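K.L.:
Right, I'll just put the structure down here and ask away after.
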Amino acid sequence: MAVPKKKKSKSKRDMRRAHDHLKMPNVSYCPQCHEPILPHRVCPECGYYKGRAIISTEES
Amino acid sequence: MRHRKAGKHLGRDSSHRRAMFRNMVTSLFKYEQIETTDAKAKQLRSIAERMITLAKRGDLHARRQALAYMTDKKVTHRLFEELRERFMDRQGGYVRIIKKGNRQGDNAPISIVQLISAEEGKKKRKKKAKAETKAQMKPKEEASAAEEAKEETTAQAAAEAPAQEASPEEPDRAESEAKEEV
């Protein structure tokens, strides 16, 4: 069976992992309450989407 | 190949899928708005709109076709009586899907499926408004044109008026002259 001949150096290992970072989600801001939201979704904070209340989020 | 095979299996066999969508479309017309996953919502929309089209047709055969699919007679009745009226002057697009976010338990994307409410004639209102503005614009133009025309007529009248004023005097003069002659 084919097997690596040499141990990869720390440098080579870390170079491989250079692209393993997590990506930031595409955040936009709610026009109603200015909280960060995912685009094209109901705002989980105020329950508004496209200028109308979709879900009630009254917890006070 | 899945050419021309619309729709998704959703991890169910066909009878399971059919049963699920029958229940879902019935619930949608019962509660106006339901929550489900994005994939199911998208397929539910086409079924729901088909039902509304049947309701808009409204004859006995259409009613039986709807009853054959939906699971609740009362809901079907409501669809054919109340909801039908609501969608009568709308050409499709009776159902709205709003994405809500991901579900806590399995991170599934959830959306809200809702029937367009009766008040939301926004597009139509816009069109109507446009039509109205156009109508307003046109009368204005016409009115302005009419005003211009009036002005013209008044001008003409003014021009004619002296002539008219002059012309009645002439007969008088003629009469007076005639009298003098006599």
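Derivation of every value follows stated rules applied to the coordinates shown; laboratory data play no part. Fair warning: this is a prediction, and the values are worked out from it, not measured in the lab. Don't worry about glycine lacking a Cβ; one is built from the backbone with ideal geometry, like all the others, and counts go over all protein chains shown.
K.L.:
Restricting attention to segment A:31-55, which residues are under 17 Å from residue B:102 (Cα atoms) and part of a loop (DSSP other than H, G, I, E, B)? Break it down stepwise before answering.
P.N.:
Start the filter on segment A:31-55 by keeping residues that are under 17 Å from residue B:102 (Cα atoms), which leaves A:36-49, A:54-55.
Correct list: A:38, A:39, A:40, A:41, A:42, A:43, A:44, A:45, A:46, A:47, A:54, A:55.
K.L.:
Please enumerate the residues belonging to segment B:51-63 that are buried (at least 16 other Cβ atoms within 10 Å of the Cβ) and over 12 Å from residue B:84 (Cα atoms). I'd like the intermediate steps shown before the answer.
P.N.:
Filtering segment B:51-63 down to residues buried (at least 16 other Cβ atoms within 10 Å of the Cβ) leaves B:51-52, B:54-56, B:62-63.
Scanning segment B:51-63 gives a single hit, B:62.
K.L.:
Now a separate question. Scan segment B:1-47 residue by residue and report those that are among the small types (Gly, Ala, Ser) and farther than 20 Å from residue B:111 by Cα. Even if it seems obvious, please write down each step before you answer.
P.N.:
Initially, segment B:1-47 is screened for residues among the small types (Gly, Ala, Ser), giving B:6-7, B:11, B:14-15, B:19, B:27, B:39, B:41, B:46.
Selection gives B:6, B:14, B:15, B:19.
K.L.:
Continuing with this model, one more query. Got a sec? Which of B:19, B:66, B:48, B:41 is more than 23 Å from residue A:55 (Cβ to Cβ) and either buried (at least 16 other Cβ atoms within 10 Å of the Cβ) or in contact (Cβ under 8 Å) with a residue 40 or more places away in the chain (or both)? Let's see the steps before the verdict.
P.N.:
On the way: B:19 fails: either buried (at least 16 other Cβ atoms within 10 Å of the Cβ) or in contact (Cβ under 8 Å) with a residue 40 or more places away in the chain (or both); B:48 fails: more than 23 Å from residue A:55 (Cβ to Cβ); B:41 fails: more than 23 Å from residue A:55 (Cβ to Cβ).
Exactly one residue qualifies, and that residue is B:66.
Residue by residue, here is whether (1) within 26 Å of the chain's Cα centre (by Cα); (2) not in a strand (DSSP E or B) holds:
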{"site": "B:25", "(1), (2)": "yes, yes"}
{"site": "B:41", "(1), (2)": "yes, yes"}
{"site": "B:46", "(1), (2)": "yes, yes"}
{"site": "B:64", "(1), (2)": "no, yes"}
{"site": "B:75", "(1), (2)": "yes, yes"}
{"site": "B:80", "(1), (2)": "yes, yes"}
{"site": "B:86", "(1), (2)": "yes, yes"}
{"site": "B:100", "(1), (2)": "no, no"}
{"site": "B:106", "(1), (2)": "no, yes"}
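K.L.:
Six or more apart or on different chains, Cβ atoms under 7 Å: show the pairs whose first residue is in segment B:74-98 and within 17 Å of residue B:34 (Cα to Cα) and whose second is polar (S, T, N, Q) and part of a strand (DSSP E or B).
P.N.:
B:96/B:114; B:97/B:111; B:98/B:111
K.L.:
Take residue A:20 and decide whether it is more than 14 Å from every other protein chain (Cβ to nearest Cβ), more than 30 Å from residue B:119 (Cβ to Cβ), of a type in the set (Asp, Glu) and surrounded by 10 or more Cβ atoms within 10 Å (Cβ to Cβ). Give the steps one after another, and end with the answer.
P.N.:
On the way: more than 14 Å from every other protein chain (Cβ to nearest Cβ): yes; more than 30 Å from residue B:119 (Cβ to Cβ): yes; of a type in the set (Asp, Glu): yes; surrounded by 10 or more Cβ atoms within 10 Å (Cβ to Cβ): no.
For residue A:20, the condition - more than 14 Å from every other protein chain (Cβ to nearest Cβ), more than 30 Å from residue B:119 (Cβ to Cβ), of a type in the set (Asp, Glu) and surrounded by 10 or more Cβ atoms within 10 Å (Cβ to Cβ) - is not met.
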